[in-house]
1. Which residue, of 54, 137, 164, is over 15 Å from residue 33 (Cβ atoms) and in a strand (DSSP E or B)?
2. Given the conditions (1) open to solvent by less than 70 Å² (accessible area, probe 1.4 Å); (2) part of a strand (DSSP E or B), report the number of the one that residue 209 does not fulfil.
3. Scan the stretch 262-279 and tell me whether some residue there is on the phi > 0 side of the Ramachandran plot and in contact (Cβ under 8 Å) with a residue 40 or more places away in the chain.
4. Does the stretch 91-100 include one or more residues that are without any contact (Cβ under 8 Å) to a residue 60 or more places away in the chain and not in a helix (DSSP H, G or I)?
5. When the residues of the stretch 101-137 are filtered to those that are of a type in the set (Gly, Ala, Ser) and either over 17 Å from the mean Cα position of the chain (by Cα) or over 24 Å from residue 149 (Cβ atoms) (or both), which remaining residue is most open to solvent (accessible area, probe 1.4 Å)?
6. Looking at residue 149, is it charged (D, E, K, R) and without any contact (Cβ under 8 Å) to a residue 60 or more places away in the chain?
7. Consider only pairs whose beta carbons are under 6 Å apart and that are at least six residues apart or on different chains; among these, list those whose first residue lies in the stretch 117-143 and is in contact (Cβ under 8 Å) with a residue 60 or more places away in the chain and whose second residue is open to solvent by 60 Å² or more (accessible area, probe 1.4 Å) and assigned to a helix (DSSP H, G or I).
8. If we scan the stretch 40-53, do we find a residue that is farther than 20 Å from residue 186 by Cβ, of a type in the set (Asp, Glu) and open to solvent by 40 Å² or more (accessible area, probe 1.4 Å)?
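The values are calculated or read from the model by the stated rules, or taken from the named source; none is laboratory data. For clarity, every value in this text was computed on a predicted model and none was experimentally measured. Methodologically, a virtual Cβ is constructed for each residue, glycine included, from the backbone with ideal geometry; neighbour enumeration extends over all protein chains shown. Accessible surface is based on the protein model in full, side chains and every heavy atom, while ligands, DNA and RNA are left aside. Shrake-Rupley method; radii C 1.70, N 1.55, O 1.52, S 1.80 Å.
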Amino acid sequence: MNYESGIMKRIFKKIIIFIITLEARLVLQKYKPEIVVVTGSVGKTGVKDAIYTVLSRQFYTWKGEKSFNSEIGIPLTVLGSENAWGSISGWLKIIFEGIGLIFLKNHYPKMLVVEVGTDRPGDIEKVMQWLIPDVAVVTAFPEVPVHVEFFSSREALIKEKTHVVRALKPEGLLILNMDDSDVYALKKLFPHNTLTFGENQNADIRIMNPYVEYDDTGHPVGMFGKISHQQNQLPIHLKGVVGTHMFVSHLAALAVGIGKGINIVSGVESLVDFSPPPGRMRILEGLHDSVIIDDSYNASPAAVHAALSTLESIHKAAQEA
């Protein structure tokens with residue numbers, strides 16, 4: 001009985017994926033929004049959320065909920081729906097709402113921010129046949145990547161993610177993390193409009209002199225740095241988080257904003273109250289005047305290394321104080 005139930009669930013899932021993907025394709029053909037695709041092996045969700053924060057200040061924008069980066073999550077992002085999980089009535093509601101988007105006049109967003117990930121070879125290549133990006137953002141490819149179990153090598157995983165860049169419209173915009181040599185190497189796949197970000201002194205949007213900020217009691221409260229772009233240098237604060245790597249989402253989001261004509265001052269202002277997703281280097285108040293740094297969300301080896309490096313810097317700062 002359990003075996004038969006498992007088969008029925010897989011069949012049901014395939015039917016749902018087929019229907020909502022078809023609906024998503026028709027919705028994109030009808031409304032023609034600009035599509036920002038975020039990919040990479042780490043940091044996608046935070047980058048996606050920061051991009052949404054910058055774009056939504058000027059454009060009507062949708063983004064995927066949480067880590068909507070799969071064959072189910074991506075069409076749900078296009079349809080503006082949440083995951084119904086095992087609810088048949090919930091999926092029927094999503095399907096009928098999709099039909100409404102297709103056949104009725106609706107106020108559909110101008111910009112879509114979509115996170116694209118992969119579990120198996122061919123996942124991204126399949127999605128990129130219908131999700132054609134206007135902007136592609138690539139975060140990082142750490143030496144020890146995540147979700148590599150079904151790939152023959154790290155290089156095979158990177159190759160799968162390059163399908164996002166290959167699908168980019170010729171008049172589109174490619175945004176690359178210049179601190180990651182494997183990411184920056186993707187520029188040769190798209191010799192057109194490109195912006196880079198990072199700590200690298202040659203990056204178009206650069207973070208300069210980042211450091212941890214402390215309150216009067218010596219507890220860390222956030223990060224401070226200066227954003228550099230062309231002749232502009234602007235201060236930027238990250239509230240309630242620590243780690244230089246936490247600037248990545250802000251830099252990528254500002255690059256997208258600049259590419260879409262948003263003034264960098266306006267972009268920085270829109271990120272003033274931005275918070276990364278839960279479980280990403282969040283500063284929490286602990287018992288007995290202690291501080292907890294919560295980096296518990298599905299941490300990759302690269303994220304653990306960055307977290308430990310941050311702890312070391314906080315320890316040194318505390319000793320110096």
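1. Details: 54 fails: in a strand (DSSP E or B); 164 fails: in a strand (DSSP E or B).
Unique residue meeting the criteria: 137.
2. Result: residue 209 fails condition (1) only.
3. Keep residues of the stretch 262-279 that are on the phi > 0 side of the Ramachandran plot, which gives 279.
Then drop every residue that is not in contact (Cβ under 8 Å) with a residue 40 or more places away in the chain, which leaves none.
The answer is no; no qualifying residue exists.
4. no
5. Restricting attention to the stretch 101-137, the residues satisfying the condition of being of a type in the set (Gly, Ala, Ser) are 117, 122, 136.
Now narrow it down to the ones that are either over 17 Å from the mean Cα position of the chain (by Cα) or over 24 Å from residue 149 (Cβ atoms) (or both): 122, 136.
On the way: 122: 24, 136: 0 Å².
Selected residue: 122.
6. yes
7. Pairs that qualify, where the first residue is in contact (Cβ under 8 Å) with a residue 60 or more places away in the chain and the partner is open to solvent by 60 Å² or more (accessible area, probe 1.4 Å) and assigned to a helix (DSSP H, G or I), are 130/25.
8. No, because not a single residue in the stretch 40-53 is farther than 20 Å from residue 186 by Cβ, of a type in the set (Asp, Glu) and open to solvent by 40 Å² or more (accessible area, probe 1.4 Å).
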